[in-house]
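Taking it in order: structure first as structure tokens, then the write-up.
The values are calculated or read from the model by the stated rules, or taken from the named source; none is laboratory data. Quick caveat, the model's predicted, so the values are computed rather than measured. FYI the Cβ positions are ideal-geometry reconstructions off the backbone, even for glycines, and counts take in every protein chain you see. With ligands, DNA and RNA removed, areas are computed over all heavy atoms of the protein, side chains included. Shrake-Rupley method; radii C 1.70, N 1.55, O 1.52, S 1.80 Å.
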Amino acid sequence: MARFILRSLLSTAVTMFLVSLALFLLVEVGSGDITVKILGVFSTPEQRASYRAQLGLDQPWYLRYLDWLVGNDWRAERLVGHPLVTVRNPQSGELEWWAQVAGEQLRWDMEEGQIYELVRQEDGSAMRRPAPETIWREGPEGEAVFWGVDEQNRAAMWIQGKPGVAFILTKAGMRQETDAPHRYIPLRKGLLRGDPGMSLMTGRPVMATLPTRIRNTFVLAGLAFMVVMPLALLFGIVAGVNEGRPLDRTISITSLALTATPEFVTGVFLILILGIWLRVLPPTTVFLSDSDIWNLKLLVLPVLTLTAVELGYVVRMTRASMVEVMNSPYIRTAILKGMPFRRVVFRHAVRNALMAPITVIMLHVNWLVGGIVVVEVVFGFPGLGSYIYDAAIFGDFNAVEAAAMLMVTIAVGTRLVGDVIYTLLNPRIRYS
Amino acid sequence: MAVAQPTVDPARRRPSRLQRLWAGLALVFQSRVGTIGLAMVLFWVVVALISLVWTPYPPNASLFEQNLPPNGTNWLGTDHLGRDLLSRLMTGTQVILLKTRLPNGLVLPIGVAIWGVLGSLVLGTVLGLNAGYRGGWWDQTIMQVLDALIAFPRIVLYLVVIAALGQGDWVVILAITVTGAPGVARLVRSLALDIKTRDFIRAAETRGESPWYIMFVEILPNARGPLIVDAMLRVGYAIFAIGTLGFLGIGLPPPDPDWGSMVNDARRFIYANPLAVVWPSLAIASLVVGLNLFADGLREETTRYQK
Amino acid sequence: MSEPTRQPPVLTIENLAVAYRVRGGEIEAVQDVSFSIHRGESFGLVGESGCGKSTVAWAIVGFLGANGYVKRGAIRFMGRDLVGRSQEELRRLRGAQIAMVYQDPMQALNPSLRIGDQLKEVLTVHRGMSDQEATRRCIEMLERVYMPDPADVMRRYPHQISGGQQQRVVIAMALLTNPALLIMDEPTTALDVTVEAVVLDLIAELRREFDTAILYISHNLGVVARVCNRVGVMYAGELVERAPVREIFQDPRHPYTQGLMRCVPRLGQDKRSAVLYPIPGRVPPPDQRPEGCVFHPRCDHAEERCVAERPGFRPYRAEHMVRCHLAETIDPRAWTPPPDLAFPLPQAPEPNGRTGEIILEVDRLRKYYTAQGNSLRDVLGLTPKRFVQAVQEVSFQVPRGKTLGIVGESGCGKSTLVKTLIGLESATDGRAEFLGFDITVDLSQRPLEVIEELQMVFQNPDSTMNPAYTVGHQIGRPLRRFRKVQTREEEYREVVRLLEAVRLDASYYDRLPRQLSGGEKQRVGIARALASRPELILCDEPVSALDVSVQAAVLNLLLELQQRYGTTMIFIAHDLSVVRFFSDYVAVMYLGQIMEFGPAEAIYAPPYHPYTEALLSAVPIPDPDAHQRHIRLEGNVPSALSPPSGCPFHTRCPRRHLLPDNGAVCAQERPPWREPAEGHRILCHLPLETLQALEPVLEPVASASGAETSAR
């Protein structure tokens, strides 16, 4: 049993690594030049190059992958030579990166070729003072360079006597700016440390929006799960026990029709029937405030849609497993021992029959996730699914990666749970 | 024994391929469910073939008033741009079943759904056979990679692939191939694990046959029954997926109509013309249900046949 | 044997016919079966597979599935007819008054319930007993079936005990309510011969003590001879003969029964002294049964009447019923084989002196597998690596043109040995030379010329051929692969020649495996092995999965081919009679080692190894009068992960006590090879004189057939 569980753990870890690598490569390398999308097709190559450098996209892919996964503050620290810390700005409420230098928290800025130190004050503002000449170090090509933290949460490299030129994206468009650094490392803690970076869509950290979205989705999926499971297992067992009879045929065909109908079709039909023709429920879920998530009336249609799709699948699984068990020799033994039929079903069959579906149901959670994306889009439900959809359409790679990794983690995690449950249920593995 | 020129009794000849195909279909007709499924699928195939030569009106032309309910001229009504829904519904079968548009303007016969399934069958079979027959290190590695692929919720993978590579028929084929291959591989692997324990595999090994020979010549032909059933189901999933992608606005590129995007368009005008949403929805559901029923019937009859 | 009692029978079956509804009609699986069983009596139902024995059992318990039903006849249990009773009434009988024991005990027990729970519920449901009371009764019953440590077994899951123990659990479960009728459907078929012997003893003992009526279903005449006092022979859904056990074996009247007796080798017969006569043809499937007498197409005595008129089941003598028009006129002893079955006896071996050239020499061959532990410590690699010692230190030589038989029970390493020789596995250590080539490497490293000289015939006829290809294609493949033929024309001619060599004809060329019977498939498998003209053929239980009536045909074919082509063979089997019949030399294996090796005739008489002795004593002999000494092995076969020290057999050896200190030396030292004669060696601490003095297990068998008349 220890071997089995350890194996699952190991395999899960490797899977997650492969997934993260594949996801990263697909999104960041496969998607071509993201800056064209953001800056527009009329931007000049210089503007794009500068913007790419500011986003850290000029780095080789493996470094960016590492940054994304485990952060780059430790890498930047070596260049800056001081510990880098995140501090929450009491005015904006957002986290900022500062360098910890001799009891003070500093950032730097260049003006007219002169480097200024910005010393953080208690209220989050900064006091400006010229930096000493001693900060300059010798760079690789003999020039004097300085690595510090700039005001946009990046580690930046300035060169003495050679101010850089950068194009800054503002609401009004691209603005050229001198006294800019030559290299950037956009500071982040990395996915594993809970920081998936900035969202290009909102200009705010991904983590600012994600938790609410996750919560909403959990409410939706949890409700659907609670409706689906007891119903599906019940119908599956009933159908399996009555194999070949009209009751079984009815359940089987209905569940087949349910699984074979795409979520959006089910959803649209439900909207049409309940929302538009019968007018008993609101046809869309528009959340006016965050607490609307507990407004059950808004939740009925999405939950029903998810239930319809999931129900059929689990019923079919359970039925197939039940049929197999009911035809097994040990059920024959139980019947020929003269056990009452209820006892045969509940004591001898159900436990064995549920072993297979439980693992498959757990495996199937990523199917459920797929359904959630569509259902959330259909109903305009502000969850994780519509988040990743919007992000993918926009090309917001940090957000897509974060949301996708989260979904994969949920899927893989539940599968691991399924494996463990299976081991616990199956004495053959438990006692080997 | 002096048998100079033994001749084969023609009556004992193996049945031809056509005969065997017919025998397979006859098997499906044994099952009521399978027959209904086949009829539903054939209906749409016939519609697709007709749409190649005739539709009531040009499917992409705005010739009528917008959002008309069903009437004498437009049997199913019109959409938000005043196009004939019946014509669009009929033409919508083509991209799924009959043609694939390549980026350079070429058109391949056979639709996106079927190419996608063929792709996943080929990829999945090669991986599954190697994992199942060779076992050990091959198995571990292949299954680990497939596990990683399976870990992606399908729709997320579609979203990511399309976000990365853009829209296009071949992108959808690629997405279907990649998402379908792990399932096929798992199926083929489990079949190979079973088949490889049989003595005829030992016989081939003791003849010193190569692993590729054993996998493709000895094992694969015996896996074809379950694979055909699985392929039917997968065509269903693929149509399902194409519909979903079309609905999400990231599926097959315009201008040719596809059912998913028809549902999406109609949904936005659901108050003006509620029935417009119904037709393409019913089309997708009936085709997918038909394929599922057909596969179920086929499976039921082949397993009964084995008993 | 008990005399038929005056009491009414426990079970009476009259003219039973069972039919299954299938698509497009129905099939009568069982027709016209009648018999009765009294208290304390055990009735054996024998027949080949597909003849409807099990269907009779299912009909009795009313478990024929959704599409089966009793079409005609009556099943009377304790005077009441069971046909047409409600499920609830049947349920009250099942388990309480009618109990059943099945072929595969592992399958019959629920894998996810503890054994105790599965046993107790019989009592709590039927008798309304309290849990504690039931537990006590179950432990008692487990003790009754000699289950070691019953209280512990109650807490275990089925997969945690051995096959023999599982079967004891199933038997105990059946006996818990002291049923009036016990139905046993091939209860020992899945078990090894020494375990089978112990279980059969147990059944015989329980029958006497519990005074139960037993319906015993088996395909094995030897087993039936041992445990039954009346026997019914079934063929193609009909009962063809029914008589007391002794009469069935000594004076069989139905040609089918007679044929069954002729086609199995008796223990002690060999290929030079006896010929096996197969019954021609095959058992017809239920939907293709012939008109008239069902057996007539396969019967040597068939007359016009047999084709036209279905014989009734009529008395031949008191207590002896037979379904044959000619029962009185057929004399089994006057039977002469029809010309197409005539088969020349192999020539006697050359007189002492020149043995054939040695073509296979194996010296201290070992094959170990690494074992995976499952505890956390194992996974982290904290425990030392362990090995399954599947084959350890095996040495032997095979001369050209001879047959080496290897016997042993499951897990003794005989299959691993063969896999290593053929190259499916590479050897761990030791030497193996075939025609001067090293064959310790696996197939991927052997040159093609070695591969073609070493071919194999497999056990299972249903899996020996690839279902996807025709017979011709599959026999042709080795011809193409080893470049034996150049053109398609040549290939076709060669395949037909091979088909004819295995007594099939050209019409088989285009058939698919599913159109062949088991025996035919096995012949094709032999033809395929012959295609490359190999020097050595390894036969892995080639007949054990076949029905007895066709076993003989395949054995004869192998003998004939060996004579014609001078092929050397290694023949693996668990059936000692078959090995004795077929082989020139025999190796007896136990836990990966050869315990005894020698000429076939030497193995079957003292001096022999105590394990050989136990095996011989366990073989079921199809003769109720055979005197077999009673030697039973205790305990289970030890794990090959940690084989016992010293002599691997010492943990179960019944002869150990003949050594001083109750055989202390057996547990400590590896035994020496005793050589009673040139080429005969025994791995045992017992001195030769002691081994020599062991009483023979069997009476000299030669007289067994002669004894038939005297007992009448």
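Out of curiosity, is B:VAL112 within 14 Å of the chain's Cα centre (by Cα) and surrounded by fewer than 18 Cβ atoms within 10 Å (Cβ to Cβ)? It is false that B:VAL112 is within 14 Å of the chain's Cα centre (by Cα) and surrounded by fewer than 18 Cβ atoms within 10 Å (Cβ to Cβ). Of the listed requirements (1) modelled with pLDDT of 85 or more; (2) within 14 Å of another protein chain (Cβ to nearest Cβ); (3) part of a helix (DSSP H, G or I), A:ILE276 misses just one: (1). Of all residues in segment C:480-503, those that are outside any helix (DSSP H, G or I) and either crowded, with 21+ Cβ neighbours inside 10 Å or in contact (Cβ under 8 Å) with a residue 40 or more places away in the chain (or both) total 4. Return the pairs, sorted by first residue and then second, in which the second residue is of a type in the set (S, T, N, Q), the first residue lies in segment C:614-633 and is in a loop (DSSP other than H, G, I, E, B), the beta carbons are less than 7 Å apart, and the residues are 6+ apart or on different chains. Going by the 7 Å Cβ cut-off, the qualifying pairs are C:VAL619/C:SER577; C:PRO620/C:ASN220; C:ILE621/C:GLN628; C:ARG629/C:SER617; C:HIS630/C:SER617; C:ILE631/C:SER617; C:LEU633/C:THR194.
Can you pull out the residues in segment C:619-639 that are farther than 20 Å from C:PHE649 by Cβ and charged (D, E, K, R)? Passing the criteria: C:ASP623, C:ASP625. Taking the conditions (1) out of contact with any Ser or Thr (no Cβ under 8 Å at 6 or more places or on another chain); (2) within 14 Å of chain B (Cβ to nearest Cβ); (3) open to solvent by 30 Å² or more (accessible area, probe 1.4 Å) in turn, C:GLU433 satisfies each one other than (2).
For the criterion of being in the same structural domain as A:THR414 (by TED's automatic domain parsing), touching a residue at least 12 places away in the same chain (Cβ under 8 Å) and of a type in the set (Phe, Trp, Tyr), A:PHE235 passes.
The set of residues in segment A:386-399 being facing chain B (nearest Cβ under 8 Å) and either among the β-branched types (Val, Ile, Thr) or assigned to a helix (DSSP H, G or I) (or both) consists of A:ILE388, A:TYR389, A:ALA392, A:ILE393.
Cβ-Cβ distances below 6 Å connect the following pairs, each with a first residue in segment C:62-81 that is farther than 11 Å from C:VAL18 by Cβ, a second residue that is among the small types (Gly, Ala, Ser), and a separation of six or more residues or different chains: C:ASP81/C:ALA74. Got at least one residue in segment A:119-127 being in contact with a helix residue (DSSP H, G or I) (Cβ under 8 Å, 6 or more places away or on another chain) and either assigned by TED's automatic domain parsing to the domain that holds A:THR178 or free of Cβ contacts under 8 Å to residues at least 40 places away in the same chain (or both)? Within segment A:119-127, not a single residue is in contact with a helix residue (DSSP H, G or I) (Cβ under 8 Å, 6 or more places away or on another chain) and either assigned by TED's automatic domain parsing to the domain that holds A:THR178 or free of Cβ contacts under 8 Å to residues at least 40 places away in the same chain (or both).
Against the test of being within 14 Å of chain C (Cβ to nearest Cβ), out of contact with any Pro (no Cβ under 9 Å at 6 or more places or on another chain) and not acidic (Asp, Glu), the options B:LEU248, B:LEU220 yield a single qualifying residue, B:LEU220.
Counting residues in segment C:182-189 that are surrounded by 24 or more Cβ atoms within 10 Å (Cβ to Cβ) and part of a loop (DSSP other than H, G, I, E, B) gives one or more. Within segment A:233-250, can one find any residue that is of a type in the set (Asp, Glu), within 14 Å of another protein chain (Cβ to nearest Cβ) and surrounded by fewer than 23 Cβ atoms within 10 Å (Cβ to Cβ)? Yes, the conditions are met somewhere in segment A:233-250. If you take the residues of segment B:39-56 that are β-branched (Val, Ile, Thr) and touching a Ser or Thr at 6+ places or on another chain (Cβ under 7 Å), which of them is surrounded by the most Cβ atoms within 10 Å (Cβ to Cβ)? Filtering segment B:39-56 for residues that are β-branched (Val, Ile, Thr) and touching a Ser or Thr at 6+ places or on another chain (Cβ under 7 Å), the one surrounded by the most Cβ atoms within 10 Å (Cβ to Cβ) comes out as B:VAL47. Candidates A:ARG64, A:ARG75: the one that is more than 30 Å from B:ILE150 (Cβ to Cβ), assigned to a helix (DSSP H, G or I), open to solvent by less than 50 Å² (accessible area, probe 1.4 Å) and not assigned by TED's automatic domain parsing to the domain that holds A:VAL400 is A:ARG75. Of all residues in segment A:380-407, those that are surrounded by fewer than 24 Cβ atoms within 10 Å (Cβ to Cβ) have Cβ atoms under 7 Å from Cβ atoms of residues that are aromatic (Phe, Trp, Tyr), 6 or more apart or on another chain, in A:PRO382/A:PHE287. Residues of segment A:155-203 being free of Cβ contacts under 8 Å to residues at least 60 places away in the same chain and among the acidic types (Asp, Glu), which ones? Once the filter is applied, which keeps residues that are free of Cβ contacts under 8 Å to residues at least 60 places away in the same chain and among the acidic types (Asp, Glu), segment A:155-203 yields only A:GLU177.
Here A:ASN426 meets the list (1) within 11 Å of chain B (Cβ to nearest Cβ); (2) open to solvent by 10 Å² or more (accessible area, probe 1.4 Å); (3) modelled with pLDDT under 85 almost entirely, failing just condition (1). Within segment B:177-191, identify whether any single residue is assigned to a helix (DSSP H, G or I), in contact (Cβ under 8 Å) with a residue 40 or more places away in the chain, within 14 Å of chain C (Cβ to nearest Cβ) and closer than 13 Å to B:ALA131 by Cα, and answer yes or no. Among the residues of segment B:177-191, at least one is assigned to a helix (DSSP H, G or I), in contact (Cβ under 8 Å) with a residue 40 or more places away in the chain, within 14 Å of chain C (Cβ to nearest Cβ) and closer than 13 Å to B:ALA131 by Cα, which makes the answer yes.
Taken over segment C:511-563, residues that are assigned to a loop (DSSP other than H, G, I, E, B), touching a Leu at 6+ places or on another chain (Cβ under 7 Å) and more than 14 Å from C:VAL457 (Cβ to Cβ) amount to 1.
A quick yes/no check of all residues on (1) part of a strand (DSSP E or B); (2) surrounded by 20 or more Cβ atoms within 10 Å (Cβ to Cβ):
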{"position": "C:SER49", "(1), (2)": "no, no"}
{"position": "C:VAL56", "(1), (2)": "no, yes"}
{"position": "C:PHE63", "(1), (2)": "no, no"}
{"position": "C:TYR69", "(1), (2)": "yes, no"}
{"position": "C:VAL83", "(1), (2)": "no, no"}
{"position": "C:ARG91", "(1), (2)": "no, yes"}
{"position": "C:ALA99", "(1), (2)": "yes, yes"}
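Just need a number here: residues in segment C:403-419 that are surrounded by fewer than 23 Cβ atoms within 10 Å (Cβ to Cβ) and under 23 Å from C:ASP270 (Cα atoms). The number of residues fulfilling the criteria is 1.
Within segment A:138-160, the set of residues being open to solvent by 30 Å² or more (accessible area, probe 1.4 Å) and within 29 Å of the chain's Cα centre (by Cα) comprises A:GLU151, A:GLN152, A:ASN153. Taken over segment C:450-467, the residue count meeting the criterion of being more than 17 Å from B:GLU205 (Cβ to Cβ) and open to solvent by 10 Å² or more (accessible area, probe 1.4 Å) is 2.
Restricted to segment A:308-332, and to residues there that are open to solvent by 10 Å² or more (accessible area, probe 1.4 Å) and β-branched (Val, Ile, Thr), the residue that is nearest to the other protein chains (Cβ to nearest Cβ) is A:VAL325. Here A:VAL41 does not qualify as open to solvent by 30 Å² or more (accessible area, probe 1.4 Å), in a strand (DSSP E or B) and farther than 24 Å from A:GLY161 by Cα. Look at segment A:39-52: where a residue is outside the structural domain of A:LEU169 (by TED's automatic domain parsing), no partner that is surrounded by fewer than 11 Cβ atoms within 10 Å (Cβ to Cβ) and in a helix (DSSP H, G or I) sits 6+ places away or on another chain with Cβ atoms under 7 Å.
Yes or no, residue by residue, for (1) surrounded by fewer than 21 Cβ atoms within 10 Å (Cβ to Cβ); (2) in a loop (DSSP other than H, G, I, E, B):
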position	(1), (2)
B:PRO58	yes, yes
B:LEU86	yes, no
B:ILE96	no, no
B:GLY128	no, no
B:ALA148	no, no
